[in-house]
Amino acid sequence: MHSLQRPSRLKAALLLVSLLGLGGTASAATQVDNAWVRATVAGQHASGAFMDLTASSDSKLVEVQSPVAKNVQIHQSSMHNDVMSMQQVDAVALPAGQKVSLDTHGYHVMLMELTGQIKAGDKVPLTLTVENAKGEKETIKVEAQARALNAPDHSMMKH
């Protein structure tokens, strides 16, 4: 009988650890959805990463890193006098509970000085750093699917 109790205690301990782990996950402040990276052709030195971010409290995306690029920056595209321009920004505001899309028409992540070609279907690791209003930083690891250069931009479709 004693040997039967031990697995039960072990199961209970594992369940408790799992629940504690879920509690930690549930308190994660930022959700990432629809992460993707544009595939490249041989010799191309830059690409873009796109995703939807929803923070549970007022926060900001302050940094992105990836092993596929020597230089990763957050950029914003804008149209001025019929000319599209792109500039680096320090952060992207993530208002509490609101989905913020990093897409091909506004904020996005630039992967520059690529270490190799990104092929359609590749999983591209990204590490996002989000800072909340209290100055607490959260690190989020994401695997973004690489999409073909001619893949449709589903972010603009109405569902």
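The values are calculated or read from the model by the stated rules, or taken from the named source; none is laboratory data. Keep in mind that what you see is a predicted model, and the values were worked out from it rather than measured. Methodologically, a virtual Cβ is constructed for each residue, glycine included, from the backbone with ideal geometry; neighbour enumeration extends over all protein chains shown. For the accessible areas, the whole protein counts, side chains as well, though only heavy atoms, and no ligand, DNA or RNA atoms are used. Shrake-Rupley method; radii C 1.70, N 1.55, O 1.52, S 1.80 Å.
What the phi angles of the range 109-122 give under the Karplus curve with 6.51, -1.76 and 1.60, with θ = phi - 60°, is a coupling list of 9, 9, 9, 10, 6, 4, 7, x, 6, 9, 9, 3, x, 4 Hz, glycine and proline written as x. Converting phi to 3J(HN,Hα) with the Karplus coefficients 6.51, -1.76 and 1.60 and the offset θ = phi - 60°, the range 61-66 yields 7, 10, 7, 9, 10, 7 Hz in sequence order, with x at every glycine or proline. Between the DSSP loop rule and a limit of at most 15 other Cβ atoms within 10 Å, which trypsin sites (Lys or Arg not before Pro) in the range 79-154 are left? Those satisfying the criteria are Lys119, Lys134.
Backbone geometry of the range 125-141 corresponds, through the Karplus equation with coefficients 6.51, -1.76 and 1.60 at θ = phi - 60°, to 3J(HN,Hα) couplings of x, 10, 10, 9, 10, 10, 10, 8, 5, 7, x, 7, 9, 10, 9, 10, 9 Hz, x marking Gly and Pro. Calculated accessible area for the range 30-147 comes out at 53 Å² per residue, all protein chains present (probe 1.4 Å; ligands, DNA, RNA ignored). Rounded to the nearest angstrom and listed largest first, the equivalent-ellipsoid semi-axes of the range 30-147 from its Cα gyration tensor are 23, 17, 12. Share of the range 70-141's accessible area from carbon and sulfur, percent, 1.4 Å? That fraction is 45 percent.
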